[in-house]
Ligand SMILES: Nc1ncnc2c1ncn2[C@@H]1O[C@H](COP(=O)(O)OP(=O)(O)O)[C@@H](O)[C@H]1O
Ligand SMILES: C=C(OP(=O)(O)O)C(=O)O
Ligand SMILES: [Ca+2]
Ligand SMILES: [Mn+2]
């Protein structure tokens, strides 16, 4: 599969190109692998369906309807390859078929709906019809997401209308780039036409949010078995009874990711467009097949719907101890939410998206989406073992013959991923709900290497760091040592929030205060120098720190304050060498340490300037305190 400049996918010809693996065998470069599409025409003979049956099926798939045409393709259930399910009148060549002149050409076509297929059925669909789909030695389904191997936040658009005009955060710094209703409909029509032009589409009807009172029904219409399996794993799966009584979805995604948007359409700046229309309760995806867009798109919807019900939506992992103590793990991508919330000694509530309401926390999702770069069985056994039959493995490289995955391979992308149902983690807490959090852990992967491995935060400091949403990763790994790239993303999820960050911050402050939660800042990044001279803090040490937070022992430790950031750091943590707890000790060049510390402090200050004139909550005092809780120098 080769990417064209405009984001379209082009399937090239010829065999898959291979590179030599460790054992000399060709390793499948899944990105470039080509395979002919297999057409299965060996099904039994044509059998007509009743009109009633057809109507009930059409009702089920009413969301595929065009808004501007009275008629569109007829929708039928089942795989077109299994011809027994194909009605007679689908074939224009049939002697009894009488065309009507009053209908459009599209109404003569049939689109088969593959409705809530099982994992096994989706495997078969993917392997038969989707290039680059393979079963790996652990039983997972390896797939390719195409040209896009990560999200495209710059291509996200939100319809600005009466519904959203006053409520949403617009303008500088906001992730909500506006589009008008008409343009949304243009893209919607493009996506629906594309989907209707296919022989078959996949429809998933599922739930979001384990809190039964605030559950949302979602429908995902997509063209690839990969997308259907991904959402099957990531959303909450309905029981057969729940599916029978599903009714009308609260929100629908039309994922036509293989098809580009029209770049001449107003508001478009590339051939990728992810469009959110809150009034219509619809999302359209064009020009990207990265499955994470669906999951994070729905997360944005929850970031709008839930705060309106006084429920705080959180970009965080969440787990619970044997005694019912709940911890939240906030952090940007790659900082450790999934890794640290998946803890063999605790119950996993969820790895990425939660709600904090009146009764406690609830996971929004039914699955986890783990990064798998450099994954090892020793360091992350639970995630390793979750990669089995049913799991979607995105963009990984594996041995052509043994189908063993090489998790160190970055040739397709560094953002290799595994999506699995949450019950694949043995100590998952089902239903995924828990009491009010006791600890709120803010994760930052500081590639500058100046933030302490752990600090205890005051409420004002927690808010300051929550609003800042800092992390710094390395810019690129190929051209040698590069400057770490500081990223500030409000609420540790600026790409997904819909309201002004201070709205979420005020809710978090109120909830933490009410329930007596303690805030912590944990650096999962560098120590002993910046990226290039220092090294990443050992996961084993970070786990010890997290253990001490959970057990309550760290709360009782002795603390002292650091300069510049004014962070309270413990003098000792069980299982962690004491000297690393103050980063200055780990730097051989103390002058370089101080310069880097001041540099990072300056970046924090600059970033926070846009929030200086905003009030956080009803309490003026808190706003003042938060402004004072940043670096001082
Ligand atoms: N000290 C550490 N703490 C947490 N993660 C670490 C650490 N060192 C290395 N890692 C790696 O960093 C990555 C964190 O990614 P992940 O948990 O998926 O982040 P998120 O869920 O926040 O996007 C994992 O690949 C993990 O193995
Ligand atoms: C899926 C994502 O989540 P994370 O990287 O936080 O795990 C994402 O941000 O695209
Ligand atoms: Ca994320
Ligand atoms: Mn994650």
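Looking only at residues in segment 448-464 that are part of a loop (DSSP other than H, G, I, E, B) and touching a strand residue (DSSP E or B) at 6+ places or on another chain (Cβ under 7 Å), the one that is surrounded by the fewest Cβ atoms within 10 Å (Cβ to Cβ) is 452. Somewhere in segment 303-316, is a residue in contact with a helix residue (DSSP H, G or I) (Cβ under 6 Å, 6 or more places away or on another chain) and within 16 Å of ligand 3 (Cβ to nearest atom)? Taking every residue of segment 303-316 in turn, at least one turns out to be in contact with a helix residue (DSSP H, G or I) (Cβ under 6 Å, 6 or more places away or on another chain) and within 16 Å of ligand 3 (Cβ to nearest atom).
Conditions (1) more than 22 Å from residue 462 (Cβ to Cβ); (2) out of contact with any strand residue (DSSP E or B) (no Cβ under 7 Å at 6 or more places or on another chain), marked per residue:
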site	(1), (2)
505	no, yes
510	no, yes
517	no, no
522	no, no
525	no, no
533	yes, yes
540	yes, yes
555	no, no
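Residue 334 fulfils the conditions (1) within 19 Å of the chain's Cα centre (by Cα); (2) surrounded by fewer than 19 Cβ atoms within 10 Å (Cβ to Cβ); (3) away from ligand 4 (no atom under 11 Å from the Cβ) except for a single criterion, (3).
Looking at segment 530-615, the helices (runs of 4 or more DSSP H) lying wholly inside it that each contain 3 or more residues that are free of Cβ contacts under 8 Å to residues at least 24 places away in the same chain sit at 590-608. Residues in segment 364-374 that are part of a loop (DSSP other than H, G, I, E, B), surrounded by 15 or more Cβ atoms within 10 Å (Cβ to Cβ) and within 15 Å of ligand 1 (Cβ to nearest atom): 4 in all. Residue 543 falls short on exactly one of the conditions (1) within 24 Å of the chain's Cα centre (by Cα); (2) within 14 Å of ligand 1 (Cβ to nearest atom); (3) surrounded by 20 or more Cβ atoms within 10 Å (Cβ to Cβ); (4) more than 30 Å from residue 157 (Cα to Cα), and that condition is (3). Search segment 375-384 for residues being without any contact (Cβ under 8 Å) to a residue 24 or more places away in the chain and surrounded by fewer than 16 Cβ atoms within 10 Å (Cβ to Cβ), and hand back the single one that is farthest from residue 144 (Cα to Cα). Here the answer is 378. Here residue 414 meets the list (1) modelled with pLDDT of 95 or more; (2) surrounded by fewer than 23 Cβ atoms within 10 Å (Cβ to Cβ); (3) under 18 Å from the mean Cα position of the chain (by Cα) almost entirely, failing just condition (1).
Residue count for segment 165-185 under the criterion of being at pLDDT 95 or above, closer than 20 Å to residue 266 by Cα and buried (at least 17 other Cβ atoms within 10 Å of the Cβ): the result is 6. Just one of (1) within 14 Å of ligand 4 (Cβ to nearest atom); (2) farther than 14 Å from residue 139 by Cα; (3) crowded, with 24+ Cβ neighbours inside 10 Å fails for residue 361. It is (1). Looking across segment 436-475, the residues that are within 24 Å of the chain's Cα centre (by Cα), over 23 Å from residue 501 (Cα atoms) and touching a residue at least 40 places away in the same chain (Cβ under 8 Å) come down to 447, 474. Restricting attention to segment 391-408, the residues being on the phi < 0 side of the Ramachandran plot, surrounded by fewer than 21 Cβ atoms within 10 Å (Cβ to Cβ) and touching a strand residue (DSSP E or B) at 6+ places or on another chain (Cβ under 7 Å) number 4.
Of the residues 174, 228, only one is outside any helix (DSSP H, G or I) and under 20 Å from the mean Cα position of the chain (by Cα); which? Break it down stepwise before answering.
Numbers: 228 fails: outside any helix (DSSP H, G or I).
Result of the check over 174, 228: 174.
Is it true that some residue in segment 424-433 is surrounded by fewer than 23 Cβ atoms within 10 Å (Cβ to Cβ), away from ligand 1 (no atom under 14 Å from the Cβ) and without any contact (Cβ under 8 Å) to a residue 24 or more places away in the chain? For segment 424-433, residues surrounded by fewer than 23 Cβ atoms within 10 Å (Cβ to Cβ), away from ligand 1 (no atom under 14 Å from the Cβ) and without any contact (Cβ under 8 Å) to a residue 24 or more places away in the chain: present. Taken over segment 335-349, the criterion of being within 13 Å of residue 539 (Cβ to Cβ) and within 16 Å of ligand 3 (Cβ to nearest atom) is satisfied by 335, 336, 338, 339, 340, 342. Residue 354 meets the conditions (1) crowded, with 24+ Cβ neighbours inside 10 Å; (2) farther than 22 Å from residue 232 by Cα; (3) within 13 Å of ligand 3 (Cβ to nearest atom) in every case but one. The failed one is (2).
The values are calculated or read from the model by the stated rules, or taken from the named source; none is laboratory data. The structure displayed is predicted, hence computed values, not measured ones. Positions of Cβ are backbone-derived with ideal geometry, glycine not excepted, and every protein chain shown enters the neighbour counts.
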